[in-house]
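Report on the structure given below.
The values are calculated or read from the model by the stated rules, or taken from the named source; none is laboratory data. Please read all numbers here as calculations on a predicted model, not as lab measurements. All Cβ positions, glycine included, derive from the backbone under ideal geometry; neighbour counts span all protein chains shown.
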Amino acid sequence: MIKKAATDLGVGDLYPLLAAMVTRKRFDDIMDENEKNYNKRLRYNNTQEDKERMQTFAKRYAREIVTVLHDINKYRISYEKVIKYLGMCSYYLRLTPS
């Protein structure tokens, strides 16, 4: 699912990096099948250790991060954000989609 979504966004083989960037977690932690609680897998705890880990990660993968940000389909993200926003507005205003 992560790979397909990342491919649809134009990231291709860098999907583990995109997932790590979005969640601020290591891809291995996201995919850890020993942890059955998905929320725990995805939750960013914002501890000093987590912040330091992300700083190290960003330095180590700086070139790849730039590649992901360059290659990602920005129009698709914008479109999906607009659709999500409109859906949220519709929900809060109790409107039905037409």
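There is no residue in segment 1-21 that is among the acidic types (Asp, Glu), surrounded by 12 or more Cβ atoms within 10 Å (Cβ to Cβ) and modelled with pLDDT of 80 or more. For Asp28, the criteria (1) closer than 22 Å to Met1 by Cβ; (2) at pLDDT below 85; (3) surrounded by fewer than 11 Cβ atoms within 10 Å (Cβ to Cβ) hold in every case but one, which is (2).
Take Met54 and tell me if it is assigned to a helix (DSSP H, G or I) and closer than 18 Å to Ile77 by Cα. Break it down into steps so the answer makes sense when it comes.
Details: assigned to a helix (DSSP H, G or I): yes; closer than 18 Å to Ile77 by Cα: no.
No.
Please count how many residues of segment 57-89 are assigned to a helix (DSSP H, G or I) and touching a residue at least 12 places away in the same chain (Cβ under 8 Å). Explain how you work it out, then say what you get.
Residues of segment 57-89 that are assigned to a helix (DSSP H, G or I), as a first pass: 57-60, 62-71, 74-89.
Now narrow it down to the ones that are touching a residue at least 12 places away in the same chain (Cβ under 8 Å): 57, 64-65, 67-68, 71, 76-77.
Number of matching residues: 8.
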